[in-house]
Amino acid sequence: MQNPPPEAREKLALTRHVVLVGLMGAGKSAVGRRLATLVGAPFTDADDAIVEAAGMSIPDIFASHGEPEFRAVERRVIARLLIGQPHFLALGGGAFMDPATRERVAARGFSVWLRADLDTLVARTSRKKGSRPLLDAGDPRAILADLMERRHPVYATADLTVDTGDQPLDVLAHDLVQRLRQHGILV
Ligand code: S3P
């Protein structure tokens, strides 16, 4: 977990974990980092925690052990992260599809779905080619469109849905701080 950045502008307390969910490229990690800076709270990227726990990159975990093993590690790591002090937590795109993870998030956190359109997801994920094994299996746009269809109904069960639109991520983070205050998650 990263320490709160020194430039935090507004000291607010988190009453629960704020768990960011959504597809690859939705901006979960980028928004999570900005939120942490604005509020002066810690931020964790679950994918980074998985890489640290496994001692290898996500593409290497998929290649050497397969997706089921990746999902098992992901479930364990997220369960551990949800036990600690409240922080901003960005989940990998598939993590919220796991029923046990959803239950833990509901018990200890407040989930926020960052909903982005297909063009945005394709554009953002194309900048980091090779880092997301699911997108290497064929045409990334077709894969993302299929994932949208299967995952959006589950992401829709999050406590809050935020349409990312084409607004800058800084603006999105500022708006989200206000929404989290209204929900009593930031006090
Ligand atoms: C995945 C998303 C990735 C990473 C892994 C699988 C998914 O995280 O966990 O490649 O199943 O959607 P990001 O959503 O942070 O890219």
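The values are calculated or read from the model by the stated rules, or taken from the named source; none is laboratory data. Worth saying up front: this structure is predicted, and the values here are computed from it rather than measured. Heads up, the Cβs are rebuilt from the backbone with ideal geometry, glycines too, and the neighbour counts pull from every protein chain shown.
Quick check on the stretch 154-184: of everything there that is of a type outside the set (A, V, I, L, M) and within 15 Å of the ligand (Cβ to nearest atom), which residue is nearest to ARG34 (Cα to Cα)?
Result: THR164.
Among the listed residues LEU114, LEU121, LEU89, LEU82, which satisfies the condition of being away from the ligand (no atom under 11 Å from the Cβ) and surrounded by 22 or more Cβ atoms within 10 Å (Cβ to Cβ)?
The unique qualifying residue is LEU89.
Please tell me if GLY94 is surrounded by fewer than 21 Cβ atoms within 10 Å (Cβ to Cβ), near the ligand (Cβ under 10 Å from one of its atoms) and either of a type in the set (Lys, Arg) or in contact (Cβ under 8 Å) with a residue 12 or more places away in the chain (or both).
yes
Is there a residue being assigned to a helix (DSSP H, G or I), β-branched (Val, Ile, Thr) and either modelled with pLDDT of 95 or more or more than 13 Å from the ligand (Cβ to nearest atom) (or both) anywhere in the stretch 12-30? If you could, list the steps in order and put the result at the bottom.
Within the stretch 12-30, the first condition is being assigned to a helix (DSSP H, G or I), and the residues that meet it are 28-30.
When the remaining residues are screened for being β-branched (Val, Ile, Thr), the result is none.
No.
Step by step: first the residues of the stretch 69-122, then only those that are among the basic types (Lys, Arg) and in contact with a strand residue (DSSP E or B) (Cβ under 7 Å, 6 or more places away or on another chain), then the one that is farthest from LEU134 (Cα to Cα). Which residue is that?
ARG108
Hey, can you tell me all the residues within the stretch 97-113 that are basic (Lys, Arg) and free of Cβ contacts under 8 Å to residues at least 12 places away in the same chain? Give the steps one after another, and end with the answer.
Let us first name the residues in the stretch 97-113 that are basic (Lys, Arg), namely 102, 104, 108.
None - no residue of the stretch 97-113 is basic (Lys, Arg) and free of Cβ contacts under 8 Å to residues at least 12 places away in the same chain, so the list stays empty.
Can you find, within the stretch 31-79, the residue that is farthest from the ligand (Cβ to nearest atom) among those that are within 26 Å of VAL162 (Cβ to Cβ) and small (Gly, Ala, Ser)?
Top of the filtered list is GLY40.
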